[in-house]
Amino acid sequence: MSTSRKVLRSVILAAGVALLLGEAAFAADPDAFVGRWLTEDQDGHRDSIVEITRSGEIYVGRVVWMKYDVYPESDPRGWTGRPIVDRENPDPALLTRPILGVEMLTGLRFDGEAWSGGSIYTPRKGETYSASAWLEGADTLQIRGYIGTPWLGRTVTWRRAPAPGFERIGAGEVEHGGERRP
């Protein structure tokens with residue numbers, strides 16, 4: 001085997017080992033999950049930010065930013081211009097609470113590789129599902145909501161949100177780094 005092939009083989013092997021060890025070390029950090037995550041709606045549009053925090057051994061996620069804060073003109077219930085609330089919630093006492101501030105993720109615990117044993121609430125449907133989550137790199141979070149067994153569920157991808165700077169300005173506008181955009 002030539003010297004250049006040996007060097008190339010060694011570099012590839014070292015890179016593979018470093019990648020595996022790096023991922024394992026990253027996954028072993030229970031707080032790697034903590035932070036602000038940009039969610040997506042059914043059509044793949046970024047529509048909210050959920051901030052995940054830790055309290056003791058439990059992780060929770062609360063809605064801290066929304067792309068739209070009022071119902072659009074096309075609202076099928078005729079709630080145009082009204083603040084967006086938890087109108088699909090099965091608990092009548094919660095039907096008028098604002099979505100901003102709602103705890104969507106609750107009860108997740110780190111098991112050494114992922115976060116599990118919790119639940120995720122979906123305000124669009126007013127439904128709560130069992131949940132587990134795992135990281136795919138530093139900036140991609142996979143969350144699986146399911147009923148009964150994880151095999152009967154759906155996985156959504158959240159991306160780590162940019163550093164603070166996303167702020168509510170008005171319906172459909174956000175500010176990031178001083179730039180206003182729809």
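The values are calculated or read from the model by the stated rules, or taken from the named source; none is laboratory data. Just so it is clear, the model here is predicted, and its values are computed rather than measured. We place every Cβ from the backbone using ideal geometry, glycine too, and count neighbours over all the protein chains shown.
For the reader, a short list of remarks on this structure follows.
Each row is one residue, and each column tells you yes or no for (1) basic (Lys, Arg); (2) at pLDDT 95 or above.
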| residue | (1), (2) |
| --- | --- |
| 63 | no, yes |
| 72 | no, no |
| 85 | no, yes |
| 89 | no, yes |
| 97 | yes, yes |
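Yes/no per residue for (1) out of contact with any Gly (no Cβ under 8 Å at 6 or more places or on another chain); (2) modelled with pLDDT of 85 or more:
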| position | (1), (2) |
| --- | --- |
| 2 | yes, no |
| 7 | yes, no |
| 11 | yes, no |
| 15 | yes, no |
| 41 | yes, no |
| 68 | no, yes |
| 78 | yes, yes |
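- When the stretch 63-110 is filtered for residues that are outside any loop (DSSP other than H, G, I, E, B), more than 21 Å from residue 131 (Cβ to Cβ) and either touching a helix residue (DSSP H, G or I) at 6+ places or on another chain (Cβ under 9 Å) or touching a residue at least 12 places away in the same chain (Cβ under 8 Å) (or both), the ones remaining, listed by number, are 70, 83, 85, 98.
- Residue 37 closer than 18 Å to residue 158 by Cβ, modelled with pLDDT of 95 or more, among the hydrophobic types (A, V, I, L, M, F, W, C) and in contact with an Asp or Glu (Cβ under 8 Å, 6 or more places away or on another chain): yes
- Those residues of the stretch 123-157 which are of a type in the set (Lys, Arg) and not in a loop (DSSP other than H, G, I, E, B), in sequence order: 144, 154
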